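This report concerns only the one structure given below.
The values are calculated or read from the model by the stated rules, or taken from the named source; none is laboratory data. The structure displayed is predicted, hence computed values, not measured ones. Cβ atoms come from the backbone with ideal geometry, glycine included; neighbour counts cover every protein chain shown. We work out accessible area using only protein heavy atoms, side chains counted, and drop any ligands, DNA or RNA first. Shrake-Rupley method; radii C 1.70, N 1.55, O 1.52, S 1.80 Å.
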Amino acid sequence: MSLLVAPARGRVVAVTAIAGSAGRSVLAANLAFELSAMGSRVCLLDLDDEWPSLHRYFGLPQNQAAVLAAMRLLEQGKLDASALEQINVRLVAKAVSIDFLSGYGLNLNRQAMNLDSLEQLIRYLSGRYDFVIADTSLGNKSQLLETVGALADARLLTCQADPVNIGRLLEAYPALTGAEQAFLVVNRLRASVLGAKPELQVQQLLKERTHFTSAAIIPEDAAFDEAMLRGLPLRQVAPKSKALLAIAEIASRLQEGRG
């Protein structure tokens, strides 16, 4: 399956998950850096309105509600390049940089979120960046997910590679909105949980029970934990890790979908 359709502007990539602990946020962060390493201008957008956590991952202040600030500026007609530079954070790893808009505060008053402003913000950012990587909330049905999904050129559905989480995916699959357009990422695959030949087992199960004829497989890697502890992307901690190579392959597929 192609990871992209061909929009006129920068690409919007929604990173989603059915259940918690799928590694959605970590995938979004590392994918943003790998796309940047390939020459793209990238904005990482935390749109998790249940538990925004990317600012925690990078050890940033909790009071920097950048997404909310950007939406307010848009509503006031004041969001321009200078204003955007004031509220985003430039993150750098191994001479590769991305811009990050923190979602802090999105979960504190979810009912008051202006989805029209959110849509305008995503469109604005896609006009300034080659890729907008949106880390979204859990689940399948919410107004926020519908808004982001309608704008997304690619949707990465993330699932933790263990029997419980794969089981949840299979149970939820019949009701998944837009599942046929999603690209599945099976995260942190390990034989200790799934037994011998875990990748073959997963791919066969997906082929039998879903439309996913194949999935991107990210292997288990101790570098994930080290990166989390240090608040750094994988390329800074373990540039030759197998997990990073798998994420870079996903980034490459996104890049190849241009034009």
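Under 5 Å from the amide H of residue 12 lie the amide H atoms of 132, 153, 154, each residue being 5 or more positions distant or on a separate chain, with H modelled from the backbone and absent for Pro and chain starts. Summarising the overall dimensions of the stretch 123-190 from its C-alpha atoms, the Rg and Dmax are 13.5, 41 angstrom.
Taking only the alpha-carbon atoms of the stretch 1-141, what semi-axes of the equivalent ellipsoid follow from 5 times the gyration tensor eigenvalues under a square root, in whole Å, largest first? Numbers along the way, then the final one.
Numbers: eigenvalues 79, 70, 54 Å².
The equivalent ellipsoid of the stretch 1-141 has semi-axes of 20, 19, 16 Å.
Between the amide H of residue 137 and those of 49, distances stay under 5 Å, these residues lying 5 or more places away or on another chain, with hydrogens modeled in the peptide plane. Shown in residue order for the stretch 100-108 are the 3J(HN,Hα) couplings computed by the Karplus curve 6.51 cos²θ - 1.76 cosθ + 1.60 at θ = phi - 60°: 10, 10, 6, x, 3, x, 4, 8, 7 Hz (x for Gly and Pro). Across the stretch 57-130, Cα pairs under 8 Å and at least six residues apart give a relative contact order of 36 percent.
The trypsin sites (Lys or Arg not before Pro) of the stretch 95-145 that meet both conditions, a loop assignment by DSSP and at most 15 other Cβ atoms within 10 Å of the site Cβ, are 128, 141. Computing Rg and Dmax of the Cα atoms in Å directly from the structure and comparing it against [x] 21.7, 85; [y] 18.3, 55; [z] 17.4, 57 singles out [z].
The lysine pair tally for the chain, using Cα distances under 30 Å and a gap of 8 or more places or different chains, is 7.
Measuring only protein heavy atoms, the 1.4 Å probe finds residue 173 accessible over about 50 Å².
For the chain, the carbon plus sulfur part of the accessible surface works out to 49%, probe radius 1.4 Å.
In the chain, the DSSP beta bridges split such that about 15 percent are antiparallel, to the nearest 5.
In the full protein context, the chain carries 46 Å² of accessible surface per residue, based on a 1.4 Å probe and ignoring ligands, DNA and RNA.
Which whole-number percent is the relative contact order of the chain (Cα, under 8 Å, 6+ apart)?
Values: 471 pairs, mean separation 77.0, N = 259.
Normalised by residue count, the contact order of the chain is 30 percent.
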